[in-house]
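The values are calculated or read from the model by the stated rules, or taken from the named source; none is laboratory data. All of these numbers come straight from a predicted model, not from anything done at the bench. Positions of Cβ are generated from backbone atoms using ideal geometry, with glycine treated the same way; all protein chains shown enter the neighbour counts. Quick note on the areas: whole protein, heavy atoms, side chains included, nothing else; ligands and nucleic acids left out. Shrake-Rupley method; radii C 1.70, N 1.55, O 1.52, S 1.80 Å.
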Amino acid sequence: IAVAVGKTYNELREFLIREFSKYLEQKLKEKEWETNFSWWNNKPLGSRTGFSSRKETWPENIVIALEPQMAGVSDYILVIIGKKANIAEPLRKVIFNRCNESVNLGGQNSDWIWSKYLPEEYRNFDNADTLFALYEKEKFAAYLLAEIEKLGVVVDGELLKIVPLY
């Protein structure tokens with residue numbers, strides 16, 4: 001019995017992630033975010049999984065994403081992707097600083113303008129509390145949506161300073 005239950009553990013996690021992703025994608029679209037959930041839906045437990053979202057007015061190489069840092073869906077981070085090769089350093093720096101001021105202290109590297117780990121209750125998709133949060137959907141989705149919206153305000157504000165949209 002234990003072996004049979006153990007064999008279904010990954011199937012259960014994949015199901016919960018896919019159901020949560022459908023719910024979250026709908027919530028983001030209601031707020032007029034463009035989304036790409038194909039990574040999560042195609043391989044929810046893969047090493048390069050998660051989703052991305054962006055506003056239509058943004059350059060295509062700036063997105064907000066959720067992705068795990070470890071294979072097997074652990075150590076999820078929320079990140080603004082904007083590679084140094086594609087985004088001017090002054091813009092990367094000002095977005096990073098504004099996110100640290102108005103959202104939360106985060107990190108940065110050559111691919112990410114800003115990043116932070118999710119809170120412990122949502123960070124590891126092999127943790128029972130996180131699996132329940134995926135199952136219940138609303139609280140976790142509301143948290144992610146609020147964080148994405150805050151990051152979106154920062155990115156919008158800085159992009160408008162360099163390219164006014166009249």
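List of remarks:
- Checklist (1) out of contact with any Lys or Arg (no Cβ under 8 Å at 6 or more places or on another chain); (2) at pLDDT 95 or above applied to residue 43, failing item: (2)
- Selection of first residues in the stretch 55-67 that are part of a loop (DSSP other than H, G, I, E, B) and of second residues that are of a type in the set (S, T, N, Q), restricted to Cβ pairs under 6 Å at least 6 apart or on distinct chains, gives the following pairs, ordered by first then second residue: 61/86.
- Number of the exception - residue 39 against (1) touching a residue at least 12 places away in the same chain (Cβ under 8 Å); (2) open to solvent by less than 70 Å² (accessible area, probe 1.4 Å); (3) in a helix (DSSP H, G or I): (2)
- Filter pass, residue 32 being free of Cβ contacts under 8 Å to residues at least 24 places away in the same chain, surrounded by fewer than 19 Cβ atoms within 10 Å (Cβ to Cβ), out of contact with any helix residue (DSSP H, G or I) (no Cβ under 7 Å at 6 or more places or on another chain) and part of a loop (DSSP other than H, G, I, E, B): no
- Residue match in the stretch 109-122 (condition: farther than 21 Å from residue 54 by Cβ, in contact (Cβ under 8 Å) with a residue 60 or more places away in the chain and either within 17 Å of the chain's Cα centre (by Cα) or loosely packed, with under 14 Cβ neighbours inside 10 Å (or both)): no
- Pairs, first in contact (Cβ under 8 Å) with a residue 12 or more places away in the chain and surrounded by 13 or more Cβ atoms within 10 Å (Cβ to Cβ) in the stretch 1-25, second assigned to a helix (DSSP H, G or I) and of a type in the set (Gly, Ala, Ser), C-beta under 8 Å, six or more apart: 20/141; 23/141; 24/141
- For the stretch 76-108, the set of residues classified as in a loop (DSSP other than H, G, I, E, B) and open to solvent by less than 30 Å² (accessible area, probe 1.4 Å) consists of 82, 87, 103, 106, listed by residue number.
- Residues (aromatic (Phe, Trp, Tyr) and closer than 17 Å to residue 152 by Cα) located in the stretch 90-119: 96, 112, 114
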